[in-house]
1. Just one of A:255, A:249 is farther than 25 Å from residue A:183 by Cα, among the hydroxyl-bearing types (Ser, Thr, Tyr), in a loop (DSSP other than H, G, I, E, B) and more than 14 Å from chain B (Cβ to nearest Cβ); which is it?
2. With the requirement that a residue be outside any loop (DSSP other than H, G, I, E, B) and either within 53 Å of the chain's Cα centre (by Cα) or closer than 19 Å to residue A:338 by Cα (or both), what does segment A:363-385 give you?
3. Mind checking which strands (runs of 3 or more DSSP E) fall wholly inside segment A:530-619 and carry at least 1 residues that are basic (Lys, Arg)?
4. Could you tell me whether residue A:572 is within 30 Å of residue A:488 (Cα to Cα), surrounded by fewer than 18 Cβ atoms within 10 Å (Cβ to Cβ) and without any contact (Cβ under 8 Å) to a residue 40 or more places away in the chain?
5. Report, by residue number, each residue of segment A:170-199 that is more than 8 Å from every other protein chain (Cβ to nearest Cβ), open to solvent by less than 20 Å² (accessible area, probe 1.4 Å) and part of a loop (DSSP other than H, G, I, E, B).
6. What residue, among those in segment A:200-224 that are at the interface with another protein chain (Cβ under 8 Å from one of its Cβ atoms) and open to solvent by 10 Å² or more (accessible area, probe 1.4 Å), is farthest from residue A:163 (Cα to Cα)?
7. Just one of the numbered conditions (1) loosely packed, with under 10 Cβ neighbours inside 10 Å; (2) at pLDDT 90 or above; (3) not β-branched (Val, Ile, Thr) is not true of residue A:79; which one?
8. Which of the following residues is modelled with pLDDT under 90 and among the polar types (S, T, N, Q): A:255, A:291, A:249?
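The values are calculated or read from the model by the stated rules, or taken from the named source; none is laboratory data. Everything numeric in this text was worked out from a predicted model, so none of it was measured. All Cβ positions, glycine included, derive from the backbone under ideal geometry; neighbour counts span all protein chains shown. Surface areas here come from the heavy atoms of the whole protein model, side chains and all, with no ligands, DNA or RNA. Shrake-Rupley method; radii C 1.70, N 1.55, O 1.52, S 1.80 Å.
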Amino acid sequence: MNPTSKDMKGIMDKSSYRLLQLLSLAWLACRPTCSSITTYGTIIPQSPLVEIGKEFTATCVVYKAAKATAEDIYWKLKNVTVPKEQYTKINDSAVSVTITITNETANWLLCEKKGSPLNRNQVIHGILLTKGYPPEKPVNLSCMAVQSGRKISSNVTCTWQPGTRDEILKTTYTLFGSLIVSNKSGKAHRSSGYIDFGTFPSFMQLAMWVEVENKLGKVRSDILDIYAADLVKTNPPSDVNILSENNFSRTLLVSWKHPIHVTYVTLKYNIRFCTVGSGDWTEVPPNDTESYKESFRLQYLKPDMEYVVQVRCIHHMGYGYWSDWSANSTARTPEDKPTSKPDLWRVIIPSQVKSERRVQVMCKDPVESNGRIQGYSIKIQDGNWETVAVNDSDLDSRSQERKIIPLYQIPWSDKRRGLIELKAWNSVGESPQASLVIPKLTQEPPSVEWLSWFTQQGRLWVKWQPPNVTATGEPYRSEVTEYILEWVSVSDGAMDWQRERRHTRTAAIKGNLQKFNRYNISVYPMYSGWTGKPLTIAAFLEQGAPLEGPSVKVRRTGKNDAELEWMEIPLDKQRGFITNYTIFFITGGKEHSIVVSTDTYSYTVKRMASNSKYVVRVMASTVQGSTNSSDLSFNTLMYVLCVYPSAPGQIEAIVVSVSISFLFSVVLTMLCCIYKMDSIKKKIWPPVPDPSNSTIAKWSPDFTSKADTPNESALGDVSIVEVDVFDRKSLCEEDKAGLPLKKDKYLSEEHSSGIGGSSCLSSPHQSVSDSDEGGDEGQTTASTVQYSSVVASCGYKGQTPCPLPQSGSSQTPSFTRSESTQPLLDSEEHPEGPESQRYLRNPYFGRLPGGNNGDSGDLEDLNQMEMKKQGLALRRFCPLEEDFQQTTPTEEGHSPDGQPGPDPSYMPQLSGYRPQC
Amino acid sequence: MSGHVKNMYPQLSISQAARTLLSLLLVAAIDSMNAGIACRNQQCESHIQRSSKLTRLIHMESVDLLKIYKASQGDLSELFCQMPINIVPNPNISGLDPSERMLSIYSHCKAFLPHLKRVTEQQRDLQPPSSPLLNNLTTAQYRTSGLANQIKCIYQTLFPNLPIPLEPVDGPTSIHPSQNVFQQKVYGCVVLKNFKELLSQIRHELRTIKNQMCKSRTFAYTNALF
């Protein structure tokens, strides 16, 4: 097979490369012999410039001095050894390596000799790799020559888009420009440059290009073959003037001057205009200003409107660039009479008077007022035309937002129907007439079927369904002619309205609505001037979180529940529709929440822990966010003290437990009483000696003979002996003098009294006190019955009891006195049987004090008084007194004045007690 | 010295020298007529139209140039322009058919270039360096050179088989070797006056040629198609 010429060429190239390489190696091999510095080898090529992304091959040649062969050589990129697979052995002393250059490739390529285990590797030679990219081709070259003075500047400035790669290597940019007559060039920056042609090559053809060069090569952009006029950008037209002409209220004449002579550039123009402050430019159709002219008449403008006009120019064939717009020039069109109706509307205000309303008539300037509205002419029903002058200087056609002008407020009966007519006028003339019918309240045409709203692109839209008008015979026409959209701000009451055409079903509110503000939007269908019933809906342009949370308070706190109550957030602070309320209650670090509907303003939180601290807040939410109320802390109760219908079972349990406790305590008390009855009885009702069992009673019949002859005076001889039953010591002798001092003691202690020689009779202590103090009734009660009890036997202090002849008993009971008010036992009060009879038979017991006659005297009277006080009980002891009188007569048995004592039974207590034996 | 009396201006500064050097370079560039881009195949009408506009521009500038020249020559400037000088090329376009007249336009443009160059050199010695006359003279040379090349391209486009003679049709222009200041001023004024007249005639000729050649070529081209 014969090789082709191409193959032959390739073979020749390879062989020539080999030959060149061998020659180089031979030269390098002899080089160390020529050099004075001993080296171990070298790398070919030296300090190469390598292109990133391409392969690079280097060859290391080892000299004899290195004492190494090709097998001992290996390559390193800085510290990283190049794999053996990339090596190519050329001969015994030369090894080449091929590496792909990347951005990360190290700069140093080293050729090293493998060292022995004892020696380190030896670097034979190294080269520094200079990496870089070749230059990139610039694109999007464009050039421009601007006007300078009256000519086009000779400098042509060009811009282009350079390459996107980093310029690692130094790169130069040169801009070239070629004419038929000459070539030009100039140094440039990376993306721009200019050429000075000396004279701008008007009407000539140019070629422009950019050359980029670095050490890795040179590249040229595409040639921009361009006609010189394509480079031109002139100044904007100069001396732009606007002329306003009378009687031409809708036109303005604009004039200007060419910025450059026509021999250089033939221009065409572009004109734009707008009203002052609007910024909404309107361009005159380019075809109208194509010709080389210096004036133009703007048409179809609005009267009495200030306009801003700007003009620019370009080569008449469209070559080159548009000039900048000229500076603003302003002028005002002349006034014209209003050409549209004023916007007449009314607001119905409820009146205090029944069957009457108030109508506020208002209006806005005509849309085409064509000048400053100076006043209005209004006529109501059949009245005369009245003039309302407008002095507000702001109300002119220049204001973008038409102001609402209140005209009249008049009372209007519900049964009245009326027509309102209105005309506006300015300095030139009157507007067409607007009219509005206010129907009777009962004849109002129907409203729209339904009404809804939504927001879109930052505007509030309203959608409605037209009214279903089928009624006939009504005074109004049954066709809707237009709709009026009225909106009222809830926060400040500001209102406005706009008109929509009869076929409109959806409309955007054109007013300046505020975000987060609630608006009541009403749609009124209009029937040839008749105002239909409105349909109203609340809406927001944009909702937000409420401005403040609800005001919460705890209405009631229970053991396991609490009733919360909050107020509705004021409408102007809701900033949206409240969707729900969320109640948060926190205790012990845990938070719970309950969501309730928007119409809920109180809630009872149940299943709460008793006697616990709770923090509660209520969050009001809208679709756009939520706002919390302030935290409210309270404690649940430990016990429920009040009866509430909310916890009946709990209350019953409390009542039952209290009742059971009470019954238990009662039963326990009763048991104690029963068990301790005797002691209690003794405490409360000391045992009263039963006279029937008394030895005296037994004894009395034996003394009947003596008693039959009672000596009343002998009562003063009765002595009462007080005996300490424990000491069994008689006070008669020991404390005779100190007895009065111990009287109090005696009042509270039991007393025993010795009666006669055989029995001890206790006389009522109270009587003793009374006798001492002259009778204090305060210390005695008529109802008090004093008792005595037998506390000791007659064997007092070792004495032998006094023998009683009647009983012959060796022991005689003694009595202790009691002041108990306990009624006497039946046996005592109504002695029955033989004993009663025996008492009755006993003259001592049966004797009344008043029965003593004769001998007793004053003492008798006094005794009678005492007896009245002491009652019957005392009187029952009277027989004993006689006995005492007989056995122990004392001096003290008489009164100090020598009279006998008032009561013989008291006297012995003062004189002491004397032993009977 | 370039064969004329030179007025020395000792106030020459470095910037003036630079300006002079720039002018010399520009003239050198104008001399290298074939250094630029080659003629492009363009439509006849637009090609001639562009040349007409360039002629109009040069003509307008030549009017201004003559006014500036007269204004800068001092007294007797009107007298200078009325002096007869036979070394200045005749501005009249000659020839019977369009090709001859086109060739005459080209030859006249080429013939006037050395005269404009010499006037520029003379006035550079007579006028201060900041004089607008020098710039306008340089611009006139620049534009005339460009116009000559455009005419040449049009000629080659319209008459591709007709050769362009190396020498001007009217023969080589003789330039007097030495002139005094008076002669220089008279010479410059006559050159500029004839130059203006030449441009006026070229405008007229190009308009005529456009009407004759472009329409007839379009007609002929259309007939060839059918």
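1. Only one candidate qualifies: A:249.
2. The answer is A:363, A:364, A:375, A:376, A:377, A:378, A:379.
3. A:552-557, A:590-596
4. Answer is no for this residue.
5. Once the filter is applied, which keeps residues that are more than 8 Å from every other protein chain (Cβ to nearest Cβ), open to solvent by less than 20 Å² (accessible area, probe 1.4 Å) and part of a loop (DSSP other than H, G, I, E, B), segment A:170-199 yields only A:197.
6. Going through the qualifying residues, I end up with A:203.
7. (2)
8. Going through A:255, A:291, A:249 in turn, just one is modelled with pLDDT under 90 and among the polar types (S, T, N, Q): A:291.
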